[in-house]
Amino acid sequence: MIKWGRFLLFLVVVGLLATLVATTTKQVAGNITLGLDLQGGFEILYEVEPLEAGHKVDIELLKSTAHMIERRINIGGVAEPVTTTELPNRIRVQIASQSADQDKLRELIGKPAHLTFRDEHGKIILQGSDLAPNGAAVGYDDLKRPLVTLKFSDPKKLEDATRANLHKPMAIFLDETMQTNPTIQSVISGGSAQITGNYTQESAQELADLLNSGAMPAKLIEKQVTSVGASLGTLALEKTLYAGYIGAALIFIFMLVVYRMPGMIANITLAGFTYFCMVVLDWMHATLTLPGIAGFILAVGIAVDANIITYERIQEEIRSGKTVLSAFRAGERRSLITIIDAHVTTLIATGVLFFFGTSSVQGFAVVLAMTIIVSIITNVFGSRFLLWLVVRSNMFKKPFWFGVKESEIREL
């Protein structure tokens with residue numbers, strides 16, 4: 001007897017999935033950030049050295065230096081740079097934007113911006129670290145010329161320094177370049193000071209932002225700069241998508257011809273798998289690169305393989321003379337351990353790649369691990385749930401629907 005309720009539930013699930021994919025795929029795909037190899041940009045590799053001899057470069061120094069690099073790139077007007085620390089002493093900066101001024105950003109990142117206040121003998125009496133949070137700002141003198149105003153976190157410290165050097169010069173240095181050398185005319189008790197010079201509005205704002213971002217905690221030595229043109233990135237993306245369409249079409253046809261009804265369900269769950277992977281990428285705010293796409297394509301192969309293992313087991317059970325329902329139960333049970341083992345071992349491999357790999361390898365590993373987890377949900381359990389609904393509806397009881405000929409069935 002045909003169980004229409006289960007078949008109707010199958011249609012509802014597939015219809016909801018199709019509606020979700022058709023109405024939101026464009027928006028989800030548009031939210032995914034593309035890497036510089038897909039949209040163009042440039043990559044800078046820095047070697048990190050400690051500021052003082054005898055100090056060592058450790059992971060904490062790499063992280064704090066990378067954080068400072070991101071803040072300085074943001075000052076340059078570029079959002080969402082990708083900075084990756086690589087042991088023992090390297091930082092890789094990827095900026096996926098053709099509008100970014102490469103030379104300006106490289107100069108901005110490399111500036112130590114170490115602010116010091118020195119007495120007439122060159123002795124440092126105040127540091128840039130004495131500034132209040134966001135204590136540097138742009139101001140104007142009486143002639144409306146831009147200058148940089150400074151607010152100190154401890155006004156008493158500034159007051160003591162100016163009292164000790166009253167009527168003497170107090171030079172303000174940015175790194176080893178003297179910005180101004182005013183004479184202290186009176187004791188400054190309010191905690192505010194100024195840096196005057198030949199500034200434009202833009203240069204004064206840049207200096208204020210640099211001082212607010214703080215000094216770079218380590219020396220940066222530029223080792224390599226790689227540029228990817230926008231046209232090259234677009235071409236790579238177009239070719240990758242074209243190859244993906246061809247590959248998906250061949251897979252869909254193969255699954256339909258060889259496995260019939262289970263093949264159609266596999267195609268449905270593969271479409272859902274692709275959609276949910278994009279949703280997770282968007283949710284993770286991940287940057288999609290060519291290695292990431294390679295990881296995704298590999299996961300598609302693993303997902304197809306998971307379905308094939310299950311369907312081959314079901315076909316074997318049908319050929320042995322069992323009914324479709326019995327063959328489905330035996331096939332999905334006996335294939336599950338094999339599929340889970342394959343997925344777990346691949347996850348272990350991605351963990352090793354992520355731990356020991358560098359930037360692009362880690363990106364490949366992250367995308368592959370994510371897609372494997374989504375594959376387990378959609379192509380293992382999701383596929384089995386849909387096939388269970390179809391089998392239990394009793395509408396497709398003939399072996400033909402599972403890719404098995406009557407002549408291939410053996411006697412029990």
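Within the stretch 1-25, residues that are touching a residue at least 12 places away in the same chain (Cβ under 8 Å) have Cβ atoms under 9 Å from residues that are open to solvent by 60 Å² or more (accessible area, probe 1.4 Å) and assigned to a helix (DSSP H, G or I) in these pairs: 6/388; 13/385, counting only partners at least 6 apart in sequence or on another chain. Within the stretch 397-412, the set of residues being of a type in the set (A, V, I, L, M, F, W, C) and either at pLDDT 85 or above or open to solvent by less than 30 Å² (accessible area, probe 1.4 Å) (or both) comprises 400, 401, 402, 404.
Inside the stretch 13-30, residues that are within 23 Å of residue 287 (Cα to Cα) and surrounded by 13 or more Cβ atoms within 10 Å (Cβ to Cβ) make up a count of 5. Of the residues making up the stretch 194-213, those that are without any contact (Cβ under 8 Å) to a residue 60 or more places away in the chain and crowded, with 18+ Cβ neighbours inside 10 Å are 195, 199. Reported count of residues in the stretch 337-366, each being in contact (Cβ under 8 Å) with a residue 12 or more places away in the chain and either over 22 Å from residue 88 (Cα atoms) or not in a helix (DSSP H, G or I) (or both), is 8. Against the criterion of being surrounded by fewer than 16 Cβ atoms within 10 Å (Cβ to Cβ), farther than 30 Å from residue 4 by Cα, of a type in the set (Gly, Ala, Ser) and modelled with pLDDT under 90, residue 365 does not qualify.
The residue that is surrounded by the most Cβ atoms within 10 Å (Cβ to Cβ), counting only those in the stretch 126-163 that are within 19 Å of residue 181 (Cβ to Cβ) and among the hydroxyl-bearing types (Ser, Thr, Tyr), is 162. Taken over the stretch 163-177, the criterion of being polar (S, T, N, Q) and modelled with pLDDT of 80 or more is satisfied by 165 alone.
Out of 11, 45, 34, 16, one residue alone is of a type in the set (A, V, I, L, M, F, W, C), modelled with pLDDT of 85 or more and within 18 Å of the chain's Cα centre (by Cα). It is 45. Within the stretch 332-362, take every residue that is at pLDDT below 85 and touching an Asp or Glu at 6+ places or on another chain (Cβ under 9 Å) and give me the one that is least open to solvent (accessible area, probe 1.4 Å). Step by step, filter the stretch 332-362, then rank; the result is 359.
For residue 296, all conditions in the list (1) under 20 Å from residue 265 (Cβ atoms); (2) open to solvent by 10 Å² or more (accessible area, probe 1.4 Å) hold save one; what is the number of the exception? Exception for residue 296: condition (1). Give me the pairs, please: first residue somewhere in the stretch 303-314 and more than 12 Å from residue 379 (Cβ to Cβ), second residue anywhere and open to solvent by 50 Å² or more (accessible area, probe 1.4 Å), beta-carbon distance under 7 Å, and either six or more positions apart or on two chains. Matching pairs, first to second residue: 313/334. Within the stretch 379-396, the set of residues being crowded, with 23+ Cβ neighbours inside 10 Å and of a type in the set (Ser, Thr, Tyr) comprises just one member, 383.
Among the residues here, residue 372 qualifies as closer than 21 Å to residue 274 by Cα, touching a residue at least 12 places away in the same chain (Cβ under 8 Å) and of a type in the set (A, V, I, L, M, F, W, C).
Only residues that are outside any strand (DSSP E or B) and modelled with pLDDT of 80 or more were counted in the stretch 88-102, giving 2. Residue count for the stretch 57-87 under the criterion of being open to solvent by 30 Å² or more (accessible area, probe 1.4 Å), at pLDDT below 80 and either in contact with a Cys (Cβ under 8 Å, 6 or more places away or on another chain) or among the charged types (D, E, K, R) (or both): the result is 4.
The values are calculated or read from the model by the stated rules, or taken from the named source; none is laboratory data. This one's a predicted model, so the numbers in the text were calculated from it and none came from an experiment. For neighbour counting, all protein chains shown are included, and Cβ atoms are generated from backbone atoms with ideal geometry for every residue, glycine included. Protein only, heavy atoms only, side chains kept; ligands, DNA and RNA dropped before computing areas. Shrake-Rupley method; radii C 1.70, N 1.55, O 1.52, S 1.80 Å.
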